[in-house]
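Colleague: Below are the C-alpha cells for one structure; questions will follow.
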Amino acid sequence: MATQMMRNALAGVSIHGISKSFDSAPILNGISLDIRDGEFLTLLGPSGCGKSTLLRIIAGLEQQDCGTIEVAGVKVDRLRPKQRDVAMVFQSYALYPHMTVSENMALPLKMRRLSAWQRLPVIGALLPKTCAVSAEIKTEVVRTAKALGIDHLLAHKPGQLSGGQRQRVAVGRAMVRHPAVFLMDEPLSNLDAKLRVQMRGEIKELHRRLGVTFIYVTHDQTEAMTMSDRIAVMLNGQLAQVASPRQIYACPADRRVAELIGSPKINLLEATARSEGLLTVAGSALAVDNKLDSGSSVTLGIRPESLQPAEWAGLNTLTGRLRYVEHVGADLFAHVDVPGSSEPLVARLPVELASNFQSDQIVHLQIRREQVLLFSADGRRVSEGDARVTPLRSYAQ
Amino acid sequence: MTLPMKILAGAVRHAILLTTGSLVLAPFVWMVSLSLKPPAELFSSSFTLLPQHWFAVENYARALTEAPLPRYMLNGVIVCAAILLLQIMICAPAAYALAKVRFAGRQVMFGFVLIGLLIPHQVLALPLFILCYGLGIFNTYAALIFPFVVSPFGIFLFRQFFMSIPDDIVHAARLDGLSELSIVWRIMLPMSLPAVLAFSIVSVVSHWNDLFWPLLVVRSQEFMPPSLGIVTFANAEAGNDYGPLMAGATVVVAPLVISFLAAQRWFIEGLTAGSIK
Amino acid sequence: MKAQQASVVDRRSRVETGFAETLAGYTLAGPALVLIFALFILPGAAVLAIATTDWHLGAKTLSFVGAANFTSLFADRVFRAALFNTAVYVLMVVPSTLVLGLSLALLIESGKSLRAFYRAVHFLPFMTSLAAMAIVWEALLHPTIGLVNQVFGLIGLPTANWLRSEATVLPILAIIGTWQSLGLALVLFLAGLKAIPQDLYDAADIDGADGVLDRLRVVTLPSLAPVSLFVLIVVTLRAFAAFDIVQILTRGGPGDASVMLLYALYRESFEYLTTGYGAAIAVIFLVIVIALAMLQTRVVNSRTSRS
Ligand SMILES: Nc1ncnc2c1ncn2[C@@H]1O[C@H](COP(=O)(O)OP(=O)(O)O)[C@@H](O)[C@H]1O
Ligand SMILES: [Mg+2]
C-alpha cells in the first residue's frame, strides 16, 4: 500500500554516474540521465551496447559498480527489486509457463498483499482475510485483463497463446500492480512486422492512459522515433545524445548518432575545406556557412532526402554514375557511385522519375536546401548551428 | 528388399526378440509360478507354469504373516519418501544457487558436488557407519536416511535444468516480489518437473533396492527395508520352502514393476540419466 | 570533495549488495554444502586416513602403519583372488552386455512393431531389486528342483550344482550380472540409434551403400562409437560394484572362487573388523572408479568437441 501512496509523488527517475563492468570488461561508462515523471524515454542503441544492463540496474536486478539511481526522488540503490516500485516487461516476456495467465498476473499482487502464511496452499485458505484479499486480487486481474483485451485468455497457459497475446499478458503482469515506472526491454522484437506496428500504437496509448514514466529499450529506430518523448542514444556504454526524436534526426550530436538514425542511412562523404565557406567533395564544390580552416578535412553527412535530381553539374551538385534504383512503393532510392567514395550515395527520389533513370547513366544530384551535416575528424558535429548549404541564386530563381 | 524378404526379416526379428525376451523374463515368470504352487509340486520333475493345486493364498498368507513383510514394505515407503523429500528440499535450493545466484565460492562449491558425484557410496560406508554409531542412530530409520539426504547427482541434475531456464524468468520473479526460496519452490521446480520426476525415480528405485547400506546399519526387523527384509526372510527359511519365499519376492518386486509398466518412458529416461552421472 | 564522498558511499553499498547476493547463495546452498562435506568429503578423507592404520573396528587404539595395509593386501591370497575374480567377472559381463545390448537394440530398431514392448521387457531386470531377484535365481539354479537343471536334464545337457562349483560360479554370476545390466545398455544404444540423422543413411544410399550390412558398416556402427564407449564405461563401473549377488548367492564361495572387491571390502570391514585393511580395499576401489570416470570425462569431452 505504501508503494501505491508514493505514486502521487513525482515519479521521475534520476540516473547518476552509473558504471558497470562484467569481468573487468566495461559495459556502462558513467551514465547520467534525468527522466521526468510521466515521460516516455527510449534507450536506443545497437545490440550489446549495454541497454539491458542499464535497465536491469534501474530495476535492481543488477548491481552497479558506482553511481546512484533515484526513483521519485528517493535513492533506491540499496532496495531490492520488489521494493523499487518499478515493473518490467521482458523481451522474452518471461511468463511463468506452468501458471495460467490469471496466475501469472496475480502473482505480483499475491506476493505483496498476502503474508507468507496466507500464501501456503491449504493452510493459507483457512486464515482470516485470505479469501477477501484473494477475491480483491482476482477482481483487479480481471479488470486489467479487460483493459488489455485478454480477459478471455485468463484460464490459458502461456504456451497456448500467440506472440501478441503473450506480449499483452506480460504488459498486464507489469500493469496490474500500478508501478510508478515501467521498464520495457525490447518488448516488440519477438513479434512479426505487422503486429509490431499495432503494438507500438497500443503501448503508446497505454502510456497516455496511465501517465506514468516509461523507460523503453530498443535497437529499432522506428520504434524509438515514433513512440518517444525523448530518445537517449547509447553507444559503447555511454550516452551519445539525449533529445527529442526530431532533434536527434535533425541535429545529431555526432557521426555515429547520425548513422544510427534514418533509413536508408545517412550518406557520409569525405570533404576538404578549400577556402572560406567552400568545400570540395567527390570532385564537386559545395558552399557552406561554416568557417572552416583551409585544408582541414571533414565528413559531410547528407540524408537521402536532401538530394534531388539536377539537369547539369555545378555548385552544390554531385555527379556520379547510377548503379541501380530501388522501388519501395512511395519512393525511389537511387544508388549512385561518386568519385572518392567506395559506397554508393543513396538518394530518395519521387517515383514519377523512375522512367528517367537507367543503370550506368551519369546523374547529377543537387544538394537541397535541407540540412547538411558536417562532422570533424573525431566524429563530432562541427559548430552548434546548422551547416546550411548556401543556395545558388541563379538556380533558386 | 522384396516383400517376402521383408516378411521373413520381420519374422526372424520377432522370433529372436521373443526368445531373448522370454529368457530375460524367465526369472520373473518362475518366481510368480513358484509362489502359486504347493510344496509337493516344487519337486515334481514335470514343470508347469500353473499349479495343479492352487496354493497361492497359503503361500502369500505365510509370506505376509511369518515374515513381517508388510512392515518391510512400510519401512521401504517411509525411508524412500523421507530420503526423496529431504533430497529435494536440500538439493533444489543448492542447485538454484549454483545455477542462478552469483556468489564468491560458487565454482569451488560446484567442485565439491562433482567430487561427491564421483565417490561411490560403498567406499564411504565405513566412516558413515562410524558416524551413525557416533550419532547414536545405529539401527533406526535415521541411519537409513541420513547418509542420503544430500544427493550430488540431484544437485547436478537440477542445476542442469535450472541453467536452461532463462535469467529473465528469475528476474521477473524477483520483481514480482518472490524471495529466493520461493523462486525455487514456485518457479524453478514446477518448471523442471521432468527433472524432478527423473530424479525421484532414480532415488526411489535405488533406495528401495539397496542392500549394502541397510545390511550394515539395521539389525532389527522393525526397520528393515524390503531388499534386506526379503534376504533375512530367505535366510530364516533355511529349507526348500520356496512357495512363501517366492511370494515374498513377488511382493517386494511388484510395486516398482507396476509403476514401471504405468510410467515406462519416465522410468527409462530417469534411470538412464541416473546412470550417466 | 563531494564526488569523493559519493563514491565512498557507492562502494559501500555495492559491497553490501554483493554481500547480500553472497549471503543468499550460501543460505540456499549452505545445507547442501555442509552435508556434502559431512557425508562425502570428510568420510572420503577418513577412508584414506584409516587405510594407513591398523585399526580394528571398535578398538580404542590404533597406530599408523603407512602403506603396510596395501603391501599386505597384495600379498593376501584372498584379496588377490578378489581382484582376479572381479577382473574375470568384469571381462565376462562387459563384452556380453555390450554385444547383446547392441544387437538387441539394432534388432528392435530394425522394425516398427512392438518396439516399446521389447524395450520394456529387456529393461525390466535393471529396475527390480537384485536382492529379491537373486533369491529367485537361487531357486532357478537349485541343483535338484531348479528350472535350469530340470530343463537341461530334459534336453540332455549336463547339469551341475552351479553355485557350488568353482568352475561355474563366476560364469553364472556373470550371466546374472549381464541379465541385470542388459536393459541399461540396450536403452542407451537405442537412444544412440535415434540420434543418428536420417541424412547419413540417405547419403549412404546415394553412395551405393544400400544393403543392410553396408549401412551398418558405413553409417550405424561408426555413428554409435561414442555411445558405445560411454556404455562401456557405465557398464564397467556397475560390474566393478557387484555385491548383492555375491552376498546372497555365494558369500564368496566355494572357497574363494567368487570373492569380489566389494564383498571383500564388506567382509574385512564389517565381519572380520580389520577396518584399516577394509579401508585400503575401499581406496583401491575408489582408484578404479576414478580412473574410469576420468576416461568417461575424456570420452564426453572428445564427443562434445567433435560435434
Ligand atoms: N551477466 C553478465 N555477465 C557477463 N557479461 C554480461 C552479462 N550481462 C550482459 N553482459 C555483456 O554486456 C554487454 C551488454 O549487454 P546488454 O546490456 O544485454 O546489451 P543490449 O541490451 O544493449 O543488447 C554484452 O556484451 C553482454 O555480453
Ligand atoms: Mg538487450
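Colleague: Which pairs do you get when a residue that is closer than 17 Å to C:Val246 by Cβ and free of Cβ contacts under 8 Å to residues at least 60 places away in the same chain, found in the stretch C:154-165, comes within reach of a residue that is open to solvent by 60 Å² or more (accessible area, probe 1.4 Å) and of a type in the set (Gly, Ala, Ser), reach meaning Cβ atoms under 8 angstrom, with the pair 6+ apart or on two chains?
Modeller: none
Colleague: Just the residues that are of a type in the set (A, V, I, L, M, F, W, C) and open to solvent by 10 Å² or more (accessible area, probe 1.4 Å), please, taken from the stretch A:62-87. It would help to see each step written out before you state the result.
Modeller: First, the residues of the stretch A:62-87 that are of a type in the set (A, V, I, L, M, F, W, C): A:66, A:69, A:71-72, A:74, A:76, A:79, A:86-87.
Of everything in the stretch A:62-87, those that are of a type in the set (A, V, I, L, M, F, W, C) and open to solvent by 10 Å² or more (accessible area, probe 1.4 Å) turn out to be A:Cys66, A:Ala72, A:Val74, A:Leu79.
Colleague: Oh, and also: Scan the stretch A:181-224 for residues that are charged (D, E, K, R) and over 25 Å from A:Glu70 (Cα atoms) and jot them down.
Modeller: If the condition is that a residue be charged (D, E, K, R) and over 25 Å from A:Glu70 (Cα atoms), then A:Asp192, A:Lys194, A:Arg196, A:Arg200, A:Glu202, A:Glu205, A:Asp220, A:Glu223 are the ones that fit.
Colleague: Moving on. What is the one condition in (1) in contact with a strand residue (DSSP E or B) (Cβ under 6 Å, 6 or more places away or on another chain); (2) within 14 Å of chain B (Cβ to nearest Cβ); (3) within 16 Å of ligand 1 (Cβ to nearest atom) that A:Pro179 does not satisfy?
Modeller: The one condition A:Pro179 does not meet is (3).
Colleague: Taking the criterion of being without any contact (Cβ under 8 Å) to a residue 60 or more places away in the chain, out of contact with any strand residue (DSSP E or B) (no Cβ under 6 Å at 6 or more places or on another chain) and either over 25 Å from C:Thr297 (Cα atoms) or of a type in the set (S, T, N, Q) (or both), would at least one residue in the stretch C:238-248 satisfy it?
Modeller: yes
Colleague: Moving to a separate point now. Could you say which residue among A:Ser21, A:Ser102, A:Ser52, A:Ser47 is assigned by TED's automatic domain parsing to the domain that holds A:His178, in a strand (DSSP E or B) and either of a type in the set (Gly, Ala, Ser) or away from ligand 2 (no atom under 16 Å from the Cβ) (or both)?
Modeller: Step by step, each of A:Ser21, A:Ser102, A:Ser52, A:Ser47 is checked, and only A:Ser21 is assigned by TED's automatic domain parsing to the domain that holds A:His178, in a strand (DSSP E or B) and either of a type in the set (Gly, Ala, Ser) or away from ligand 2 (no atom under 16 Å from the Cβ) (or both).
Here's the yes/no breakdown for (1) under 22 Å from C:Pro125 (Cα atoms); (2) part of a helix (DSSP H, G or I); (3) at pLDDT 90 or above; (4) touching a Ser or Thr at 6+ places or on another chain (Cβ under 6 Å):
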| position | (1), (2), (3), (4) |
| --- | --- |
| C:Arg215 | no, yes, no, no |
| C:Phe230 | yes, yes, no, no |
| C:Ile233 | yes, yes, no, no |
| C:Thr236 | yes, yes, yes, no |
| C:Ala242 | yes, no, yes, no |
| C:Asp256 | no, no, no, no |
| C:Ala282 | no, yes, yes, no |
| C:Val287 | no, yes, yes, no |
| C:Gln296 | no, yes, no, no |
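Colleague: With A:Val141, A:Val122 as the choices, which residue is surrounded by fewer than 17 Cβ atoms within 10 Å (Cβ to Cβ), over 26 Å from the mean Cα position of the chain (by Cα) and in the same structural domain as A:Lys204 (by TED's automatic domain parsing)?
Modeller: Going through A:Val141, A:Val122 in turn, the sole match is A:Val122.
Colleague: List every residue pair whose Cβ atoms lie under 6 Å apart, where the two residues are 6 or more positions apart in sequence or sit on different chains, the first residue falls within the stretch B:146-168 and is more than 8 Å from every other protein chain (Cβ to nearest Cβ), and the second residue, located anywhere, is buried (at least 21 other Cβ atoms within 10 Å of the Cβ) and assigned to a loop (DSSP other than H, G, I, E, B).
Modeller: Between residues of the stretch B:146-168 that are more than 8 Å from every other protein chain (Cβ to nearest Cβ) and residues that are buried (at least 21 other Cβ atoms within 10 Å of the Cβ) and assigned to a loop (DSSP other than H, G, I, E, B), the close pairs are B:Phe161/B:Ser192.
Colleague: Looking only at the stretch A:192-221, count how many residues are out of contact with any Phe, Trp or Tyr (no Cβ under 8 Å at 6 or more places or on another chain) and within 16 Å of ligand 1 (Cβ to nearest atom).
Modeller: 5
Colleague: Another question, if that's okay. Counting just the residues of the stretch A:70-103 that are in contact with a strand residue (DSSP E or B) (Cβ under 6 Å, 6 or more places away or on another chain) and within 16 Å of ligand 1 (Cβ to nearest atom), which one comes out farthest from the other protein chains (Cβ to nearest Cβ)?
Modeller: Checking each candidate, the answer is A:Val89.
Colleague: Just give me the residues in the stretch A:144-187 being buried (at least 22 other Cβ atoms within 10 Å of the Cβ) and among the small types (Gly, Ala, Ser), in sequence order.
Modeller: Result: A:Ala145, A:Ala170, A:Gly172, A:Ala174, A:Ala180.
Colleague: Could you please let me know if A:Ile35 is more than 14 Å from chain B (Cβ to nearest Cβ), more than 16 Å from ligand 1 (Cβ to nearest atom) and surrounded by 21 or more Cβ atoms within 10 Å (Cβ to Cβ)?
Modeller: yes
Colleague: Next up: Looking only at the stretch C:115-140, count how many residues are more than 7 Å from every other protein chain (Cβ to nearest Cβ), open to solvent by less than 20 Å² (accessible area, probe 1.4 Å) and modelled with pLDDT under 90.
Modeller: Qualifying residue count, the stretch C:115-140: 0.
The values are calculated or read from the model by the stated rules, or taken from the named source; none is laboratory data. Model, not experiment: these values are computed from the prediction. Note that each Cβ is placed from the backbone with ideal geometry, even for glycine, and that neighbours are counted across all protein chains shown. To get the accessible areas, we keep the full protein, side chains included, count just its heavy atoms, and leave off ligands, DNA and RNA. Shrake-Rupley method; radii C 1.70, N 1.55, O 1.52, S 1.80 Å.
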